[in-house]
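Below is one structure, written out as structure tokens, with a few remarks after it.
The values are calculated or read from the model by the stated rules, or taken from the named source; none is laboratory data. It should be emphasised that the depicted structure is a prediction, and the values quoted were computed from it without experimental measurement. Every residue, glycine as well, gets a Cβ built from its backbone with ideal geometry; the counts of neighbours run over all protein chains shown. These area figures cover heavy atoms from the full protein model, side chains too; ligands, DNA and RNA do not enter into them. Shrake-Rupley method; radii C 1.70, N 1.55, O 1.52, S 1.80 Å.
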Amino acid sequence: VSGATPAANSLYSDVIRDRWRRPRHRGDLPGATAVAEDVNPLCGDRVRMMLTIAPEGQISDARFVGDSCAICTASADAVADLVAGRTRSEAAALEVGDVLAVLQAEIRPTRMRCATLPLSVLAQALDGKAKA
Amino acid sequence: MRLDELTRRDFPILERVVNGHPLIYFDSGASSQKPRAVLDAMNRYYERSHANVHRSIHTLGEEATELYEVARDAMQRFIGAPSREEVVFTRGTTDGLGLIAETIGRTLGKGDEIVVTELEHHSNLIPWQLIAKDRGAVLKAIPVRDDGQLDLAALDRLLTARTRVVAFAHVSNVLGTITLAKEIIAKARAVNALTVVDGAQAAPHMRLDMSALGCDFYVLSAHKMLGPTGIGVMYGRRAVLDRLEPGRGGSEMIKEVWIDHAQWNDLPWRFEPGTPPIAEAVGLTAAIEYLEKLGMDRVAEHERALTRQAIEGLSRIPGVTVYGPPVGIDRGAVVSFAIEGLHPHDVAALLDAEGIAVRAGHHCAMPLMRRLGVVGTTRATFSVFNSPDEVSRLLTAVAGLRSAL
């Protein structure tokens, strides 16, 4: 990525920088059937996940909006990628390792919550308990 | 000689290399570093004089008690409190504010009103929310103007005959705003409301004078003013402390105890239940003596110069927004800023890669973030050991960050 400093290169993978600059799944999802939103209490970051789930349980589309850092945004984008086309139970079984594999990044402990927030929002959306 | 040239070698931690760069520590607003004098004093205490205070009738007990009470005298002098009985040790600012809220809270009734401000740290907001909920009291907030100052015209409208408490920060931990404390205190007093001042960001930076300020309560933390963690101070005006029941119970705060009642100890011990942070008090004395030797006016002048350099420099960088009072208005050693297209956490992580420690996020002031229309800011705070060269390096680093991600 042009303009990246050596520090940025060592801290953020190419995938994170790319998904931060050009997320594939950011934006509203009209007609979403499962929606949840949550904040990271450490920093105030906010992520909203929206899913369209067919009656038989297949997730046909997933999108997100939010006000979040590069890691959290890239993670939300990766989560949306990962759940599309899966069943509800497959999506619920996703773990942070699956997301980090997409991001091709090692996340430091102080930033791990940035990476995991979208997954916990996904879980809330699948639970259907969170208010939209 | 500049203050940082005078003090730099006194801070062992500044010898650290972080991510291949000499550490530049711009997070004293969260917790300052400690001079060797503080570390040595605490070690010496633990190696030679440690015992519990006040009721240990042996040599070490006497020494520990003496050292603990000397800290109170030092703090009385440091904050310009009329008497030592008004200086109560706590575990820190949050603890002090909680203690005050619980203590005053018991005297509040349904419909009584508490006034806070839109720029408060959560520590000076949540305790009041809890009390308001418990007592059926009403919580109101003084809004923040666009220039970062509190809207005192609005305060005139918020104050009523039912206002019992006005609680506010002396210096904003986000904007650096030095609030118009004397005016607020005068207005609160006019309606017989108690005033509670959060001095966490003011104490490390400027000369304090409780007699001149005239507030009823003032709280601070040692760890933000070169002292250890785990100890703070609640100053309480004697006339107020005298008429308040202790908020918390335990040993030390009583004179005589029966199964169903007790007689309270004298001030200040009435508000200090349990074994206090003794070693921390010893460290606090050393921190106060260190600051007094430098002179608080000189400390303020040094930090003012760094703050001004940072604001002016950051404002010149394209895409950077600086929050808080404009240049020319005095403020605490706090500079919050944003870089267009970058999230504060990423800014902090990228600066850390260059050895620069800043804070990023909501700074425990979410209502203020909402007022600013952001989820967070990046914040640099300055202390006696920071240099103009370090500020220059921050400015260079920030200028290089815009296209970093």
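For the stretch B:37-72, taking the residues that are among the hydrophobic types (A, V, I, L, M, F, W, C) and over 24 Å from B:Asn265 (Cβ atoms), the one that is most open to solvent (accessible area, probe 1.4 Å) is identified as B:Leu39. The number of residues in the stretch B:301-328 being farther than 16 Å from B:Val171 by Cβ and of a type in the set (Ser, Thr, Tyr) comes to 2. If you scan the stretch B:344-361, which residues turn out to be facing chain A (nearest Cβ under 9 Å), open to solvent by 10 Å² or more (accessible area, probe 1.4 Å) and either in a loop (DSSP other than H, G, I, E, B) or of a type in the set (A, V, I, L, M, F, W, C) (or both)? B:Ala349, B:Ala353, B:Glu354, B:Ala360 - these are the residues of the stretch B:344-361 that are facing chain A (nearest Cβ under 9 Å), open to solvent by 10 Å² or more (accessible area, probe 1.4 Å) and either in a loop (DSSP other than H, G, I, E, B) or of a type in the set (A, V, I, L, M, F, W, C) (or both). With respect to the conditions (1) without any contact (Cβ under 8 Å) to a residue 60 or more places away in the chain; (2) in a helix (DSSP H, G or I); (3) open to solvent by less than 70 Å² (accessible area, probe 1.4 Å), B:Asp4 falls short on a single one, namely (1).
For the stretch B:201-256, the set of residues classified as open to solvent by 10 Å² or more (accessible area, probe 1.4 Å) and in contact with a His (Cβ under 8 Å, 6 or more places away or on another chain) consists of B:Gln201, B:Thr229, B:Gly230, B:Glu252, listed by residue number. The residue that is nearest to B:Ala300 (Cα to Cα), among those in the stretch B:1-17 that are aliphatic (A, V, I, L, M) and at pLDDT 95 or above, is B:Leu3.
Comparison of A:Pro30, A:Pro23, A:Pro55, A:Pro41 shows that the only residue that is open to solvent by 10 Å² or more (accessible area, probe 1.4 Å), farther than 16 Å from A:Ser120 by Cβ and within 14 Å of chain B (Cβ to nearest Cβ) is A:Pro23. The set of residues in the stretch B:384-405 that are of a type in the set (S, T, N, Q) and open to solvent by 10 Å² or more (accessible area, probe 1.4 Å) comprises B:Ser387, B:Ser392, B:Thr396, B:Ser403.
Here's the yes/no breakdown for (1) over 23 Å from B:Ser49 (Cβ atoms); (2) open to solvent by 30 Å² or more (accessible area, probe 1.4 Å); (3) of a type outside the set (A, V, I, L, M); (4) out of contact with any strand residue (DSSP E or B) (no Cβ under 9 Å at 6 or more places or on another chain):
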| site | (1), (2), (3), (4) |
| --- | --- |
| B:Arg270 | yes, yes, yes, no |
| B:Ala279 | no, no, no, yes |
| B:Ile288 | no, no, no, yes |
| B:Leu294 | yes, no, no, yes |
| B:Arg298 | yes, yes, yes, yes |
| B:Glu301 | yes, yes, yes, yes |
| B:Arg304 | yes, yes, yes, no |
| B:Ile317 | yes, no, no, no |
| B:Val320 | yes, no, no, no |
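For the stretch B:23-36, a residue qualifies if it is of a type outside the set (Gly, Ala, Ser) and open to solvent by less than 10 Å² (accessible area, probe 1.4 Å), and the qualifying residues are B:Ile24, B:Phe26, B:Pro35.
Of everything in the stretch A:58-83 that is among the polar types (S, T, N, Q) and more than 9 Å from every other protein chain (Cβ to nearest Cβ), the residue that is surrounded by the fewest Cβ atoms within 10 Å (Cβ to Cβ) is A:Ser60. Would you mind stating whether A:Arg46 is facing chain B (nearest Cβ under 8 Å) and open to solvent by 80 Å² or more (accessible area, probe 1.4 Å)? Taking the combined requirement at face value, the residue satisfies it.
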